[in-house]
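Structure record follows, encoded as structure tokens.
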Amino acid sequence: MTNEELKSYIETNYTSLLTHNEAGKYDLLFEVDAVNLVTVCEKLKNDPELLFDYFCNLSGADTTEKFEAIYNLGSIKKKIRIDIKVVLPHENPVIDSVQTVWPAANWYEREMWELYGIHINNHDNLTRFLLHDEWDEGYPMRKDWDAPDFIRFPDL
Amino acid sequence: MGIIKKLPIYSEKIPGGGIVTTSVEQILNFAQAKSLWYLLFGTACCAIELMCTGASRYDFDRLGMIFRASPRQSDLIIAAGTITKKMAPRLRTLYDQMAEPRYVIAMGGCTIKGGPFYYDSYSVEKGIEHIIPVDVFIPGCPPRPESLLEGCLTLQKQIQQRKLADWQEK
Amino acid sequence: MTDLRTEEFDINMGPHHPSTHGVCRLLLTMDGEKVVKVVPYIGYLHRAIEKICENRTYAMCIPILDRFEYVTAMSCNYVFSLAAERLSGIEVPERAEYLRVIMLELNRIASHLIFFGTTAMDIGALTPFLYALREREYIMDLFEMTCGQRLTYNYIRVGGVSKDIPEKFIPQCKVTISTITEKVEEYKRLLNKNPIWKMRTIGIGKLDADLAIAYGVSGPILRASGIDYDLRRDDPYSIYDRFDFNIPVYHNGDVFDRYMLRLDEIQESCKIVAQALEGIEEGPIRAKVSPNFKPAAGETYTRIENSRG
Ligand code: SF4
């Protein structure tokens, strides 16, 4: 399946759930509401035409007005790939866990919770992960984060 | 006989054997400098260069340096790699577990002042000098095996110049 | 002996342990010699690379990314450059593509050699370590003559590569890859029939295909579990579609298969390098890209087949 076919397939079959977002020539990026995330993911995984069984990556982003969580999914059998983006408010960001769909998401979600402060619902082990155990300085990947011993790169 | 000539001793043959004169300080220093067993403490990229130095081409063993896995058996930590804030207490513990006299070589920019992670990093210690005392710094990112060898030779020289009185105080 | 009471016990392994090069800590629950449960603790090498890259220009990110994956630094350079190129639509000159493939594959070999040496060392055989690192030095020589560094290359840049190869590179590279192809046979002879090695690898650490996919395992480990999936073929990037190479796949998913697979991959990589050395032609090595360039705003996700997945 080429990217064009994939795009039209998703646009016809997932109209109410996913909205297309312009991305580069090589990627297909769709947006989904946070409430629908798990339903969509389950559908994508079990759809016999798509079979997105492979969880490549989950990244977070802070655009200062909102948070974004971007899921990169792949399908080993069909050899296709899409990205799904969820936009979250800057106050109290909460998202559902997709680890029931792909167990691989577990660590990525923990990382996102720890570094961005995006709370994950239904996660089975939301504990300190990358930072040291006594860390209490907040969420370091947020743009407005600062700490006394944090030295910013000088402006060029 | 070549090696005997290099030893800090005075020897003379007498019928039925020989006499050797040396000072305790010199022979102790010599023994210590030539058998520095180092603790395998590689945390990041520099560890790969440390491995290369230990392997075939550069061959650490000829300096009398053999890796040990346990701090109890080693005289030297070669801190090779980034020390993060999470790792720093462990480094201190390992250092404390080593028997005196003990030495530290800081290998690579990271261990000197944070290296490439000085700016903008929330989790990297900016140098290890405030965690453990360092004897020799080796700059580079990563230092070449030759620089590491040079650093070890420098340390050996330092050890050989030590006075017995110095390490009694320690 | 029937009433011998046994019980499970916990062992803490790491974060400083001779076989943890990148540091991690494992809490192992052991039943005799068998590990029945592992709780991993990671983050001892979390260096905030994402945060650092936020604040820098694209050209300044590449050296940082070298430190990100230091065993195969080239592929980290490459995947970042690829993303920037795709975003801004930069065309990479032909010669640069060839150089990139040569470097990526040489680096894959170097990485697999480290795997081979250190795994064998941790399992209890020191000789393979010395052998593997001896061969790796030949590759390091090639890198050094090209870009001056042994480990962190900063060689693949956005739009091309930083320097052209010197004249003696091609003959020396040919010698290197033929040596390595031969040596791999020697490695196989050294270990494959060794009963201790076999006992400690065959059937150990089994990972079946479904579990591997569910947990997003990639690279050689995925292929050792019987899944024929290699991005060089399945999501082609650069000019890999011009070369003729096999993708080794093994089916047991244990340590032995992963080891065999990597050794086979070394030989396949040698084939690719040999073909690339034949096909390479004169030409420019870098598209015109200003050092401070910024691609058009946008998002992209690129993936390549790294030696470690
Ligand atoms: S000094 Fe450079 S090469 Fe060494 S650990 Fe730090 S970043 Fe890696």
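The values are calculated or read from the model by the stated rules, or taken from the named source; none is laboratory data. A quick note: this is a predicted structure, and the numbers were derived from the prediction, not measured. Here the Cβ positions follow ideal geometry from the backbone for every residue, glycine too, while neighbour counts run over all protein chains shown. Surface accessibility is based on the protein's heavy atoms, side chains included, excluding ligands, DNA and RNA. Shrake-Rupley method; radii C 1.70, N 1.55, O 1.52, S 1.80 Å.
A few notes on this one:
- Amide proton proximity set for C:Ala125, modelled H, under 5 Å, gap of 5+: none
- Rounded to the nearest Hz, the phi-derived 3J(HN,Hα) couplings of the stretch A:70-87 under the Karplus curve 6.51 cos²θ - 1.76 cosθ + 1.60 (θ = phi - 60°) are 10, 9, 9, 10, x, 10, 6, 6, 8, 6, 10, 8, 9, 10, 10, 10, 10, 9, where x marks glycine and proline.
- For C:Asp31 and C:Asn246, the FRET efficiency from 1/(1 + (r/R0)^6), where r spans their Cβ atoms and R0 equals 51 Å, is about 0.80.
- For the protein assembly as shown, the Kirkwood hydrodynamic radius from C-alpha pairs, put into Stokes-Einstein at 10 °C and a viscosity of 1.306 mPa s, yields a diffusion coefficient of 59 µm² per second.
- Most fluctuating residue given options C:Gly205, C:Gly32, C:Gly159, as computed from a GNM of chain C linking Cα atoms under 10 Å: C:Gly32
- Calculation over all alpha carbon pairs of the stretch C:94-233 in 10 angstrom steps from 0 returns a P(r) of 10, 32, 33, 21, 5, 0 percent.
- Annotation: amide H-H contacts under 5 Å for A:Cys56 (H modelled 1.01 Å from N, sequence separation of 5 or more, or interchain): A:Asn72, A:Leu73, A:Gly74.
- Peptide ranges B:29-35, B:71-77, C:98-104, C:112-118 listed from the most packed, as the mean C-beta count within 10 angstrom indicates: C:98-104, C:112-118, B:71-77, B:29-35
- For the stretch B:74-84, putting each phi into the Karplus relation 6.51 cos²θ - 1.76 cosθ + 1.60 with θ = phi - 60° gives couplings of 10, 9, 9, 9, 9, 7, 10, x, 5, 9, 8 Hz, in residue order, rounded to whole numbers and with x for Gly and Pro.
- Under 17 Å of direct C-alpha separation, and excluding same-chain neighbours fewer than eight residues apart, B:Lys126 reaches these lysines: B:Lys85, B:Lys86, B:Lys113, C:Lys51.
- For peptide C:125-132, the mean count of partner chain Cβ atoms within 10 Å of a residue's Cβ comes to 2.
- For A:Glu5 and A:Glu49, the difference between the fully extended length at 0.36 nm per residue and the C-alpha to C-alpha distance is 14.7 nm.
- Placing +1 on the Cβ of every Lys and Arg and -1 on the Cβ of every Asp and Glu, with no other charges, gives the stretch C:202-245 a dipole of roughly 160 debye about its Cα centre.
- Using a Förster distance of 51 Å, the FRET efficiency for A:Asn122-A:Asp149 (Cβ separation, nearest 0.05): 0.90
- For the protein assembly as shown, size of Cβ-based charge dipole, Lys and Arg +1, Asp and Glu -1, in debye: 2300
- Per DSSP, loop GluC sites (Glu not before Pro) in the stretch C:92-168 with at most 16 further Cβ within 10 Å: C:Glu167
- Rounded to 10°, Cα long-axis angle of helix A:3-13 versus longest principal axis of chain A: 80
- Chain B: most fluctuating residue of B:Ser70, B:Ser23, B:Ser121 per GNM, C-alpha cutoff 10 Å: B:Ser23
- Each 10 Å bin from zero holds the following percent of Cα-Cα pairs in chain C: 6, 24, 33, 24, 10, 3, 1, 0.
- Here the dipole of the stretch C:49-279 is about 580 debye; that uses its Cα centre as origin and unit charges on the Cβ of Lys and Arg (positive) and Asp and Glu (negative).
- With every protein chain in place, the stretch A:3-94: carbon and sulfur % of accessible area (1.4 Å): 48
- Proximal lysines to C:Lys193, defined as alpha-carbon separation beneath 21 angstrom and excluding residues fewer than eight positions away on the same chain: C:Lys183, C:Lys206
- Expected 222 nm ellipticity per residue - DSSP helices of 4 or more, -39500 (n - 2.57), all of the protein assembly as shown, to 500: -12000 deg cm²/dmol
- A dipole drawn for chain A from +1 and -1 charges on Cβ atoms has a positive end, and of A:Tyr116, A:Ala105, A:Ile151 the residue lying farthest that way is A:Ala105.
- Fraction of alpha-carbon pairs over 27 Å apart in chain A - percent: 29
- Taking Cβ atoms as reference points and 10 Å as the exclusive limit, the residues near C:Ile247 contribute a net charge of -4, counting Lys and Arg as +1 and Asp and Glu as -1.
- Percent RCO, i.e. relative contact order, over the stretch C:64-162, from Cα pairs under 8 Å lying at least 6 residues apart: 39
- Binned Cα-Cα distances of the stretch A:3-94, short to long, each 5 Å bin given as a whole percent: 3, 13, 25, 28, 18, 9, 4, 1
- Under 27 Å from the Cα of A:Lys43 - lysines, other chains or at least 8 residues apart: A:Lys7, A:Lys25, A:Lys66, A:Lys77, A:Lys78, A:Lys79, A:Lys85
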